[in-house]
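The structure appears below as structure tokens.
The values are calculated or read from the model by the stated rules, or taken from the named source; none is laboratory data. No experiment lies behind these values; they were computed from the predicted model shown. Cβ placement follows ideal geometry from the backbone for every residue including glycine, while neighbour counts extend to all protein chains displayed.
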Amino acid sequence: MTLDPPSGVGGIEGRAIAYKRELSALGHSVTLVSISRLEEKRQTFPEDFRLSSSLPSFCTTIIKIVSIIKRRKVESVFLLGGSDTAIGIITLSFARVLRLKTASLFYGKDILQSRKSKIKSVLHLISLYLTGCIATNSRFTSYLLNAKVKKTKKIVLLYPGINVDEKVPRTQNIQDNDQTILFVGRLVRRKGLEYLIRAMVPLKSEFPHIKLVVVGDGPEFGRMSELVNVLGLKGNVRFAGELRGDDLSRQYEESVIFSMPSITLSDDVEGFGTVFLEAGLHGLPSVSTFSGGIPEAVIDGTTGILVKERDPAQLAEAIRLLLLSRQMRQRMGEEGRNRVLNQFTWRASANRLLTCFE
């Protein structure tokens with residue numbers, strides 16, 4: 001079950017669909033329930049049930065969840081998100097009454113935001129108490145958990161995965177003079193796009209034809225567009241909007257470096273960063289920061305280069321080093337691709353998920 005983000009944008013939807021596919025292939029019967037604001041749905045996803053999270057539909061949604069669990073004789077319940085919401089807590093409580101096995105996936109943002117108020121903190125602790133197994137998307141996230149909780153609960157590290165069967169190795173002959181940098185992510189403060197744009201100023205002086213392609217949309221779009229104009233980078237930065245599937249893969253193939261320099265906020269942090277795996281699968285080295293769980297997604301000096309947060313000068317220097325050395329780019333790209341293929345497939349992640357219920 002997942003309480004997915006608005007419009008189905010984000011990694012939670014992808015996880016839900018991938019787990020259903022992989023667990024079904026492993027011989028398990030899986031029912032996917034997605035709870036969201038139905039009026040904001042823009043994509044069509046293969047859920048078994050899509051229920052409403054709106055307040056007027058609250059009781060109806062709870063009744064439907066209970067009915068699904070009973071009618072389908074569910075044995076295990078896995079919450080991909082929202083376990084500390086009213087719907088999540090009621091679902092976990094009902095599963096506990098029926099003695100079902102339960103597990104909940106927690107992200108760094110969940111834990112940090114629970115500290116903002118007593119009510120959120122209480123709801124978070126209740127959800128941790130009710131769930132049978134706690135899954136986290138990175139070691140960093142597990143470090144944020146309450147010490148007492150970690151002593152009393154089973155914790156499973158549940159890294160995201162990549163659809164490797166849908167991707168192909170780099171086939172294009174990237175030339176030495178190609179200087180396309182790629183950013184993929186929601187345009188929100190935490191993703192650090194502002195600092196990447198500012199890093200383009202000194203880079204432009206040395207590499208006049210450098211290009212930054214920004215894939216994604218969000219509330220920061222207007223401010224970032226204005227920053228590009230103010231810094232005189234209109235000819236060097238292109239906003240491509242949201243891309244998926246082949247269009248997104250093609251953009252990875254047409255780039256030489258991937259960068260998403262996330263920053264840590266008081267109530268939000270990059271728990272891992274699936275886009276770094278996507279970049280690695282396409283043979284791109286990554287340039288990012290030592291923020292949250294990113295050092296688990298990007299191995300500094302091996303699959304990319306990590307720098308301090310909020311530091312355009314260091315970002316520019318890291319990108320400069322990679323632009324000047326095709327050999328370094330290729331080495332890091334190959335290391336990143338091999339790491340993804342060996343450790344971050346959805347089948348491997350699905351098998352780790354099953355350990356939550358052992």
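Applying the criterion of being acidic (Asp, Glu) and closer than 30 Å to Ser114 by Cα to the residues of region 294-321, the residue that is surrounded by the fewest Cβ atoms within 10 Å (Cβ to Cβ) is Asp311.
Listed conditions (1) modelled with pLDDT of 90 or more; (2) of a type in the set (Ser, Thr, Tyr); (3) assigned to a loop (DSSP other than H, G, I, E, B) are all met by Thr44, apart from (1).
What are the residues in region 78-133 that are of a type in the set (Val, Ile, Thr) and farther than 25 Å from Lys64 by Cα, if any?
Residues satisfying the conditions are Ile111, Ile119, Val122.
Please go through region 303-355 and pick out each residue that is over 30 Å from Glu206 (Cα atoms) and touching a helix residue (DSSP H, G or I) at 6+ places or on another chain (Cβ under 8 Å). Let's see the steps before the verdict.
Of region 303-355, the ones over 30 Å from Glu206 (Cα atoms) are 338-355.
Across region 303-355, the qualifying residues are Arg339, Val340, Leu341, Phe344, Thr345, Trp346, Arg347, Ser349, Ala350, Leu353, Leu354.
The set of residues in region 112-149 being of a type in the set (A, V, I, L, M) and closer than 13 Å to Gly88 by Cα consists of Leu123, Leu125, Ile126, Leu128, Leu130. Restricting the search to strands (runs of 3 or more DSSP E) fully inside region 225-328 and requiring at least 1 residues that are under 30 Å from Phe106 (Cβ atoms) and at pLDDT 95 or above gives 257-259, 286-289, 304-307. No other residue among Ser291, Ser266, Ser262 is touching a residue at least 12 places away in the same chain (Cβ under 8 Å), more than 19 Å from Met328 (Cβ to Cβ) and surrounded by fewer than 19 Cβ atoms within 10 Å (Cβ to Cβ) apart from Ser266. Pairing each residue of region 300-317 that is among the hydroxyl-bearing types (Ser, Thr, Tyr) with any residue that is crowded, with 19+ Cβ neighbours inside 10 Å and not in a helix (DSSP H, G or I), provided the two are 6+ apart or on different chains, yields C-beta distances under 9 Å for Thr303/Pro285; Thr303/Ser286. Go through the residues of region 337-347 one by one and say whether even a single one is part of a helix (DSSP H, G or I), of a type in the set (Phe, Trp, Tyr) and modelled with pLDDT under 95. For region 337-347, residues part of a helix (DSSP H, G or I), of a type in the set (Phe, Trp, Tyr) and modelled with pLDDT under 95: present. If only residues of region 95-114 that are assigned to a loop (DSSP other than H, G, I, E, B) and at pLDDT 95 or above are counted, the one that is surrounded by the most Cβ atoms within 10 Å (Cβ to Cβ) is Leu100. Restricting attention to region 65-94, the residues being in a helix (DSSP H, G or I), over 24 Å from the mean Cα position of the chain (by Cα) and either surrounded by fewer than 16 Cβ atoms within 10 Å (Cβ to Cβ) or not assigned by TED's automatic domain parsing to the domain that holds Ala135 (or both) number 5.
Among the residues of region 91-124, those identified as free of Cβ contacts under 8 Å to residues at least 24 places away in the same chain and either under 21 Å from Cys356 (Cβ atoms) or touching a strand residue (DSSP E or B) at 6+ places or on another chain (Cβ under 9 Å) (or both) are Val97, Arg99.
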